[in-house]
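Written below as structure tokens is the structure these notes are about.
Each reported figure results from applying straightforward, stated rules to the coordinates on display, with no laboratory input. Source: prediction; values computed, not measured. Here Cβ is always computed from backbone atoms with ideal geometry, including for glycine, and neighbour counts include all displayed protein chains.
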Amino acid sequence: MLARILSAALLTAAAALTLAPVAAANPADDPYGWNTYHDKTANFVAPLDPGAFGDRGDKAIVLSPFGTSRVIECKGDGHYVAVSCRQFDDQAREHAITQVMFVPFRPVYVYNPF
């Protein structure tokens, strides 16, 4: 009797899993923009820029050979999706801009040349 109940339950579960629709995430469906890179250059300042330690002291510092003269793109919100930033060089190669100093200090990001 127990074998019949277990086999019936197993067949029911197998049928449900086989016939259930498969959920597929569409990369184009990104309602919050967390997985898409956006221009965030205005959120950064190079350490030698005017006002870097004055009126623009609330911006994150970026240590990059290009400073903020080239676009810095970031994605993620830091909660649901990890923040990831990048910058392109003269040959249009992507380089990561990695955060090395966190709260409670002013954020500092460093250009990865590799």
Those trypsin sites (Lys or Arg not before Pro) from the stretch 52-96 that are DSSP loop and have at most 16 other Cβ neighbours within 10 Å turn out to be R56, R70, R93
Take the alpha-carbon positions of the stretch 54-95, form their convex hull, and give its projected area averaged over all directions (one quarter of the hull surface) in nm². 3.8
